[in-house]
Amino acid sequence: GNSVTQMEGPVTLSEEAFLTINCTYTATGYPSLFWYVQYPGEGLQLLLKATKADDKGSNKGFEATYRKETTSFHLEKGSVQVSDSAVYFCALSPTGGGNKLTFGTGTQLKVEL
Amino acid sequence: KAGVTQTPRYLIKTRGQQVTLSCSPISGHRSVSWYQQTPGQGLQFLFEYFSETQRNKGNFPGRFSGRQFSNSRSEMNVSTLELGDSALYLCASSLEEDTPQHFGDGTRLSIL
């Protein structure tokens, strides 16, 4: 079946540090890949997405590239802010699978001054 | 444009009771999906409805059911509640298949 593996958290960084959160997936075919962010007490917000190999999703300074050869979709940001503190979820939606998302376990990010 | 609205935000029930949660999707969205979020199991897909028909189903017991109305609003029902049903239940809507899903803030269900 489909699965998503994320790096364990929490990840603690100083403001302006570089961020990488690793995500790898297992799926047949060419799934769509997503990063969602969840702030305390809220639902999930779509951060970025990629629908085919070598696509780069980007939003609010965050980027992730769909790497078919390594089945990865790592999230990166060049300079994090305190306001980026949240839980980040990597997810996939299988090709032709409707809207059934499979999520990773989430990675909590804490950014300190 | 209004987002996905879930009601109620918080709910407390006792074992054996049943509960109904409501979700109003973004206007024009025809797909509504439900997810359960717990600290132990993470985010798990429950089911998806599209144009009033269940299109996908996750691996949950039959106590979990749902439906969608002609205006795309959806309800989720859980019968014979168990302690393990305590969770944040999230609803997401999207325009069509394979389009990004937009989530509501969830209903936090606590079972005593």
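Other chains' Cβ within 10 Å of A:98-108 residues: what's the mean? Don't jump to the answer; show the numbers that get you there.
On the way: counts 11, 19, 11, 9, 4, 6, 2, 3, 3, 0, 0.
Partner-chain Cβ atoms within 10 Å, mean over residues of A:98-108: 6.
Sorting the segments B:98-111, A:4-17 by their residues' average number of neighbouring beta-carbon atoms within 10 angstrom, most packed first, yields B:98-111, A:4-17. Quick one: in segment A:70-113, what % of C-alpha pairs are over 16 Å apart? Percentage above 16 Å: 52. Distance between the 7 Å Cα→Cβ label points at B:SER86 and B:ARG30: 4.1 nm.
Legend: calculated FRET efficiency, B:ARG67 to A:SER3, from the Cβ-Cβ distance at R0 = 41 Å, rounded to 0.05, equals 0.90. As a length-normalised measure over Cα pairs under 8 Å and 6 or more apart, the relative contact order of chain B settles at 37 percent. Across the protein assembly as shown, how many lysine pairs, 8 or more apart or on two chains, come within less than 27 Å at their alpha-carbon atoms? Lysine pairs, 8 or more places apart or on different chains, close enough: 27. Measuring how big the protein assembly as shown is from its alpha-carbon positions, Rg and Dmax come out at 17.5, 50 Å. With R₀ fixed at 25 Å, the C-beta to C-beta distance from A:ALA53 to B:GLU96 puts the FRET efficiency at about 0.65. Beta bridges per DSSP, both residues in the protein assembly as shown: antiparallel share near 90 percent. Taken over the alpha carbons of chain A as equal point scatterers, the Debye sum produces base-10 log I(q)/I(0) values at 0.10, 0.13, 0.16 Å⁻¹ of -0.26, -0.44, -0.67.
For segment B:1-43 and segment A:36-113, what is the centre-to-centre distance using only Cα atoms, to the nearest Å? Their Cα centres are 22 Å away from one another.
Find the Cα radius of gyration of chain B, compare it with 2.2 N^0.38 Å by division, and give the number to two decimals.
Values: Rg = 13.1 Å, N = 112, 2.2 N^0.38 = 13.2 Å.
That ratio works out to 0.99.
Shielding value for B:40-51 is 3, the average number of Cβ atoms from other chains within 10 Å of each residue's Cβ.
Give me the inter-chain shielding for B:100-108: mean count of other chain Cβ atoms within 10 Å, whole number please. Could the numbers behind the result be given before it?
Details: counts 9, 9, 4, 8, 3, 5, 5, 0, 1.
Other-chain Cβ atoms within 10 Å of each residue's Cβ, averaged: 5.
Where a number appears in this text, it was derived from the coordinates with a stated rule and is not lab data. Quantities reported herein were computed from a predicted structural model and do not represent experimental measurements. Methodologically, a virtual Cβ is constructed for each residue, glycine included, from the backbone with ideal geometry; neighbour enumeration extends over all protein chains shown.
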